[in-house]
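Right, one structure below, let's go through it.
The values are calculated or read from the model by the stated rules, or taken from the named source; none is laboratory data. Remember, predicted model here, so these are calculated numbers, not experimental data. Positions of Cβ are generated from backbone atoms using ideal geometry, with glycine treated the same way; all protein chains shown enter the neighbour counts.
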Amino acid sequence: MAVISSSTKEFLYEEVANELARLIAAGTYRPGDRLPSVRQLSLQRKISVSTVLQAYMLLEERGLIEARPQSGYYVRLHPTAAPPEPEISSPEPDASQVGLRELIMRVLRDTENPNLVQLGTALPNRDLLPTKKLNRIVATLAREKEEQSNGYFFPPGYEPLRVEVAQRAVVAGCSLSPSDIVITAGCSEAMELCLRAVCRAGDIVALESPTYFGILQSIEALGLKALEIPTHPRDGISLEALRFAIEQHPVRACLVVSNFNNPLGSCMPEENKRELVELLARYEIPLIEDDISGEIYFSEQRPLVAKAFDRKGLVLLCSSFSKDVCPGYRVGWTAPGRFRATVEWLKFASSGVTASLPQMAVAEFIASGGYDRHLRRLRREYAQNVAWMTQAVMRYFPPGTRVTRPAGGFVLWVQLPEQVDSLELYRQALKAGVTLAPGYIFSAKQQYRNFIRLNAAVWTREVERAIARLGELARPK
Ligand SMILES: Cc1ncc(COP(=O)(O)O)c(C=O)c1O
């Protein structure tokens, strides 16, 4: 009988498998390396041979290792054949108003139900957030900086935080001064202020398709029109298609999530970012760039932002600490280039100031060195969880399913067989105790009927069971 670990409540063999998988993800064991022999590991860890064998079988099943007869277990050179990806999108080529609010508000309400397995949100894994550390920082700040923490920091916001943000932006390729930055209530407010700074009601905004539904909601609320541009599941927005759209329509602004787009996980290659900035500069079109997941990369290096190539102040870079540190603190920022003064004024005109204590806490968290340590762990864990959910989708979902291969972030975009309607699947999933994000809400024209977005931030047996249930429901009856 399998033994349950007292510390993690997982079966012991799962705990061992997870630890080895982490070592593989971290590069301790590289492709082609031999893992410790079953006997060695059993003696070393004081666990039974059968527990080690079960752990190795689990890793084999997950496609991470392979058994070689008479020789032992080896890290696979290529983790099991990569699943087929969705093709480049082909949205309808005209601009339209957005009318998604009811569906989106309904989906959002379900995300608050604690009885459901939450695969429908794009919220980070709560267990991986540095909440305890932040709590300690907040308590100290509230005690030692009582007056400041309960006062106002007028726009552009708390200066020490803007210094930290400017320093971190260097690694993303930007040379910013603290006075280039405006602190906002999350990335949502940053993008909305930027849209308001460069557009008027009725204007056309070019967007990736599919894109994050919150962006579509800002477009809807501001009375703008969305022009959806074909987008590649790995390389992001098609520059060819964008060029063509600009020639056909009076595009007033372009908005992209350049690194690890939600829901695609796409990351624009550096050359595409440069070309995008140059193309838009030729037409004097502002680019609003959302880099909210830029720090959650699975490779060796942080991808640059498009703003790194901005020579005319036309790129308005937006981000926040919601995906990696503290979604509830609502601390975001923008570096809006030549629109800085307008954005700063709009910030004051719309919400006055951003809450002080969260700004101070985030600045202190970064300055203490905690952020980088935390990010290293987060990247490792998310890379692993995304890999496991991908494999589970391929195992449990019907033939013909396609899934993205994100190189960062923690969401998966899944294309189901033609006959599956994601809204119907969503209704059935709720009855089965699981949420998902139906494809419809990621397009102004509700085009992604047979697609769903899944949150891969958490990987547990309960999540695996939920994926198996979804796979069952998605099978053509
Ligand atoms: C691409 C993208 N941008 C912005 C946001 C919203 O960020 P915030 O919570 O900081 O407002 C999200 C949240 O899911 C997102 O996925």
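The set of residues in region 314-338 that are assigned to a loop (DSSP other than H, G, I, E, B) and of a type in the set (D, E, K, R) comprises K323, D324, R330. Give T111, T211, T121 a once-over and let me know the one that is of a type in the set (S, T, N, Q), surrounded by 18 or more Cβ atoms within 10 Å (Cβ to Cβ) and at pLDDT below 95. Residue meeting the stated conditions: T121. Scan region 166-216 residue by residue and report those that are of a type in the set (S, T, Y) and within 15 Å of the ligand (Cβ to nearest atom). Across region 166-216, the qualifying residues are T184, S188, S209, T211, Y212.
Among the residues of region 272-322, those that are free of Cβ contacts under 8 Å to residues at least 60 places away in the same chain and within 14 Å of the ligand (Cβ to nearest atom) comprise E289, F321. Between A241, A245, A281, the distinction of being surrounded by 16 or more Cβ atoms within 10 Å (Cβ to Cβ), over 23 Å from A122 (Cβ atoms) and in contact with a Pro (Cβ under 7 Å, 6 or more places away or on another chain) belongs to A241 only.
Number of residues in region 284-313 that are part of a loop (DSSP other than H, G, I, E, B) and under 12 Å from A335 (Cβ atoms): the value is 4. Consider region 362-378 and keep the residues that are surrounded by fewer than 20 Cβ atoms within 10 Å (Cβ to Cβ) and over 15 Å from L161 (Cα atoms). The one that is nearest to the chain's Cα centre (by Cα) is L375. Per the conditions (1) part of a helix (DSSP H, G or I); (2) not assigned by TED's automatic domain parsing to the domain that holds T334, the sole criterion not satisfied by R168 is (2). Helices (runs of 4 or more DSSP H) fully within region 69-149 that include at least 1 residues being more than 26 Å from A361 (Cβ to Cβ): 101-110. Looking at (1) touching a strand residue (DSSP E or B) at 6+ places or on another chain (Cβ under 6 Å); (2) farther than 30 Å from L20 by Cβ; (3) surrounded by 16 or more Cβ atoms within 10 Å (Cβ to Cβ), which one does V75 not meet, given that it meets all the others? All conditions pass for V75, except number (2). Answer with yes or no whether L116 is farther than 22 Å from R22 by Cβ and not β-branched (V, I, T). When the stated conditions are applied, L116 passes them. Restricting attention to region 231-271, the residues that are touching a residue at least 60 places away in the same chain (Cβ under 8 Å), part of a loop (DSSP other than H, G, I, E, B) and of a type in the set (G, A, S) add up to 3.
Candidates E14, E19: the one that is without any contact (Cβ under 8 Å) to a residue 12 or more places away in the chain and not in a loop (DSSP other than H, G, I, E, B) is E19.
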